[in-house]
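A.B. asks: Once you've had a glance at the structure underneath, I'll fire off some questions.
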Amino acid sequence: MNPEALLNQMIVAPVAVSLPPLPLDAPIFQALSSALIRWDMLEADVESRSFFSGFSILQTPQAVARAYFIDSRFAGVVARVGSDAVQAISRESFLSLYMSRDATISLYTLDRYAVQSLLEVTTWNLQLDRVVPQASVSAVMSGIEQQNLTSQLLTLGLDWRGLITYHGGVPVLSSYEQAGRTMFQHEALTRIALEATENGTRFAVYSKMGFSSLDQATILSEASFDELVRTWNEIITFCEKRTDSVRGKDTWDLTFRKARLALVDKYPLLDPFLDEVRYTAGVLIVSRPSKALFDGLVAVYLETLTMLGIPPQALYSLLSPIRDKHLRLWRAAGLEVICPL
């Protein structure tokens, strides 16, 4: 099938893009017989992993299915059975496939928002379908990111295919395919941006309800607050080790405490006597998360650097690995002042 016919087929049936290639570089286990690991055992394993998100691949001679997990809970299944189109199936249908004598099961971790988008994409509709002049696809990519859109961008060249799933303007899953070779994530994004400069490249944009933005309150849900606490502890641990190695033990800890007290009038929730946030031995514990509290922590971080005479930009490149790991909530959480995107 030629590229134009392929894209037209996907436009008629957007469900065709619901099973893009997935990176298999974060396995929990691979290709075990379903006779050796029952489904209840697999679910118990997933539930034991704190905030686990990922997918399992079930393969039988007749079908391929993916079961998705979000926050250590089963979230849904999509499958291709025989020559049928890819579609969402019930848990009961999936378990019937699982009972096949020749079934194998694998389990992988995957970004939470990538999983969420993969589950939703079967309900998305085509919003734009264009043949674009040189470099226009890059402009579309930039527009999706700048407008914080949740959508899926399908690009198709003469002999290649790219697929980028965005959640709140952040690319959470990217793949690039050419001549049987598949790339993922940053490498895929780079190739798509490069190849999409060809005249005649086509693109299609899918979304659930048009180009609706993901607002701050949606990203900063209660589930995300736990991740924010972990993110803050990573930032503080890094800064503490870096500062103490140069200026002596407890330098960061003592300065951070002074900065916190200096800002109590402006951010009352930082008051150590309220027990809203505890800071002991370099570990941050938050009892009742709120946006106001995390805004206060940003202010304390910046005040600590000021007291230490460290310009924030001096740490940008050093903090970028933490930023990249938590990219999906970085902007919404106001952490760009700590390390810009």
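The values are calculated or read from the model by the stated rules, or taken from the named source; none is laboratory data. Keep in mind the model is a prediction, meaning the values are calculated, not measured. With ideal geometry, Cβ positions are generated from the backbone for all residues, glycine too; neighbour counts draw on all protein chains shown.
A.B. asks: Can you tell me which residue is modelled with the lowest pLDDT among those in segment 68-101 that are within 19 Å of residue 172 (Cβ to Cβ) and touching a Leu at 6+ places or on another chain (Cβ under 9 Å)?
C.D. replies: The selected residue is 78.
A.B. asks: How do the pairs read when you match residues in segment 23-52 that are in a helix (DSSP H, G or I) with residues anywhere that are modelled with pLDDT of 90 or more, using Cβ under 6 Å and keeping only pairs 6 or more apart or on different chains?
C.D. replies: 39/98; 46/52; 46/69; 46/72; 47/72
A.B. asks: Taking segment 209-255 only, how many residues are modelled with pLDDT of 65 or more and either assigned to a loop (DSSP other than H, G, I, E, B) or closer than 17 Å to residue 113 by Cβ (or both)?
C.D. replies: Counting residues in segment 209-255 that are modelled with pLDDT of 65 or more and either assigned to a loop (DSSP other than H, G, I, E, B) or closer than 17 Å to residue 113 by Cβ (or both) gives 10.
A.B. asks: Moving on. Give all pairs with beta carbons closer than 9 Å in which a residue from segment 142-165 that is under 19 Å from residue 200 (Cβ atoms) meets a residue that is of a type in the set (Ser, Thr, Tyr) and in a loop (DSSP other than H, G, I, E, B); count only pairs at least 6 apart in sequence or on separate chains.
C.D. replies: Note: pairs meeting the criteria are 155/201; 156/201; 157/201; 158/201.
A.B. asks: Restrict the check to segment 244-256 and report whether at least one residue is surrounded by 12 or more Cβ atoms within 10 Å (Cβ to Cβ), farther than 28 Å from residue 186 by Cβ and touching a strand residue (DSSP E or B) at 6+ places or on another chain (Cβ under 9 Å).
C.D. replies: Checking segment 244-256: at least one residue is surrounded by 12 or more Cβ atoms within 10 Å (Cβ to Cβ), farther than 28 Å from residue 186 by Cβ and touching a strand residue (DSSP E or B) at 6+ places or on another chain (Cβ under 9 Å).
A.B. asks: Which pairs have Cβ atoms under 8 Å, sit 6 or more apart or on different chains, and link a residue in segment 238-255 that is in the same structural domain as residue 304 (by TED's automatic domain parsing) and touching a residue at least 24 places away in the same chain (Cβ under 8 Å) to one that is of a type in the set (Gly, Ala, Ser) and in a loop (DSSP other than H, G, I, E, B)?
C.D. replies: Cβ pairs passing all conditions: 240/282; 252/282; 253/281; 253/282.
A.B. asks: In segment 55-103, which residues are surrounded by 17 or more Cβ atoms within 10 Å (Cβ to Cβ), at negative phi and not aliphatic (A, V, I, L, M)?
C.D. replies: Result: 55, 56, 59, 60, 66, 68, 69, 74, 80, 94, 98.
A.B. asks: Just the residues that are of a type in the set (Val, Ile, Thr) and out of contact with any Leu (no Cβ under 7 Å at 6 or more places or on another chain), please, taken from segment 102-118.
C.D. replies: Of everything in segment 102-118, those that are of a type in the set (Val, Ile, Thr) and out of contact with any Leu (no Cβ under 7 Å at 6 or more places or on another chain) turn out to be 109, 115.
A.B. asks: If you go through segment 72-100 one residue at a time, how many are farther than 15 Å from residue 118 by Cβ and touching a Ser or Thr at 6+ places or on another chain (Cβ under 9 Å)?
C.D. replies: 6
A.B. asks: A further question follows. Pick from 261, 297, 293: which is under 30 Å from the mean Cα position of the chain (by Cα), among the hydrophobic types (A, V, I, L, M, F, W, C) and modelled with pLDDT of 80 or more?
C.D. replies: Within the list 261, 297, 293, the selection yields 297.
A.B. asks: Counting residues that are at pLDDT 85 or above, which helices (runs of 4 or more DSSP H) fully inside segment 109-208 reach at least 2?
C.D. replies: Here the list reads 112-120, 185-195.
A.B. asks: Let me ask another. If residue 288 satisfies all but one of (1) closer than 18 Å to residue 266 by Cα; (2) at pLDDT below 80, what's the number of the condition it fails?
C.D. replies: (1)
A.B. asks: As an exercise: evaluate residue 278 against (1) over 19 Å from residue 333 (Cα atoms); (2) touching a residue at least 40 places away in the same chain (Cβ under 8 Å) and give the number of the one condition it does not meet.
C.D. replies: (2)
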